[in-house]
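These notes are about the structure you will find just below.
Only the coordinates and a few stated rules stand behind these numbers; no lab work does. None of these values were measured; they are calculated from a predicted model. Heads up, the Cβs are rebuilt from the backbone with ideal geometry, glycines too, and the neighbour counts pull from every protein chain shown.
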Amino acid sequence: MNKQNLNIHVVDAFVGEGLAGNPAGVCPLESWLPDETMQAVAREMGLSETAFFAPRDDGYLLRWFTPTTEVDLCGHATLASAAVFFADLDGSVSAVRFHTLKSGSLTVTRDGALMELDFPARPAAPVDNAGIGAALGAAPVETLLLPGKACLAVYAHEDEVRALAPDMERVAAIGAELDIDAGAELVIATAPGTRSDFVSRVFAPRAGIPEDPVTGAAHTTLVPYWSARLGKAELHALQVSDRGGELFCTARGGRVGMAGRAVIRQSGTVDVAGAAPRAELVDA
């Protein structure tokens, strides 16, 4: 059987000192694959997201897939895609523009080792629901909701967020408990940080991700909340999953800047000609 090999990379995004970041698959394309092929590649990679981008107009069209579905916004895989672009496609420029199907134009700018995402802010509004605490395993002091996108549970102390042991079946059903048809794709637990302005953990079982290691999309909701609460625009954030990640965030009204580091860990090829994609990767 003939092979149809495409380049693919595994990139850790939002890495920090002692923090491994979130691994994303990145597949730069010359032309688009069928949706079912990209979904199959994402399933084969088995990472929280695999990103695909191809040339379009003054930039690139970017799409993201979890192992089970396409998503409308993903921060860490966007950062990972920019890292591949700067390393392999054009290292002479300081910015790359990605066009997306549901989240508009997203620009990534690099300054030394840091790359900053420019994303739309997605603030949540207060909501009262005891089921959120029951699903996460501890009652928050405040809950907020962005319908169809995110549910935010705010705790008093970082240790409470670190100690959460969620019931994933109940977390996946939070949308139904809130009696909101669209539900919540991301369930975010957050608290003031001891070494940062705030910490978070993010659960997305409805998208096939029990806990996401580092989640840029969640910070489009977290940053407006903490900026208003702390009265500051520049925020240092840590996501306290097992792998952990670090973000340097800026609240800009209707936009959010999220800067971090990314490291290409593996590069190789994926064969999409067969009945099921097969990836061959080597350490970078």
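Descriptive notes on the structure:
- Charge tally in the Cβ shell below 12 Å around Pro213, where Lys, Arg are +1 and Asp, Glu are -1, Pro213 excluded: -4
- For the pair Val141 and Ala113, a Förster radius of 35 Å applied to the C-beta separation gives a FRET efficiency near 0.45, rounded to the nearest 0.05.
- Taking amide H as placed 1.01 Å from N in the peptide plane, the amide H of Arg56 sits under 5 Å from that of Leu61, each at least 5 places away or on another chain.
- You can think of it this way: the chain between Arg265 and Met168 has 31.9 nm of extra reach, that is 0.36 nm per residue less the Cα-Cα gap.
- Under 9 Å, Cβ to Cβ, from Thr194 - net charge with Lys/Arg +1 and Asp/Glu -1: -1
- One way to sum up the overall shape of region 125-251 is the equivalent ellipsoid from its Cα gyration tensor, whose semi-axes run 21, 15, 14 Å, largest first.
- Of the trypsin sites (Lys or Arg not before Pro) found in region 43-144, those that fall in a DSSP loop while having at most 10 other beta-carbon atoms within 10 Å are Lys102.
- For the chain, built as a Gaussian network whose Cα springs stay under 10 Å, the top-fluctuating residue of Thr37, Thr215, Thr78: Thr37
- For region 125-251, the relative contact order is 19 percent, taking Cα pairs closer than 8 Å that sit 6 or more residues apart in sequence and dividing their mean separation by the residue count.
- For Ser241, neighbours were defined as the other residues whose beta-carbon sits under 14 Å from its Cβ, and their charges (Lys and Arg +1, Asp and Glu -1) total -3.
- Springs between Cα atoms under 10 Å define the GNM used for the chain, and in it the highest mean-square fluctuation of Trp32, Trp64, Trp226 occurs at Trp32.
- The value of relative contact order for the chain, using C-alpha pairs under 8 Å at least six residues apart, is 24 percent.
- For region 1-66 versus region 114-144, the inter-centroid distance based on Cα atoms is 27 Å.
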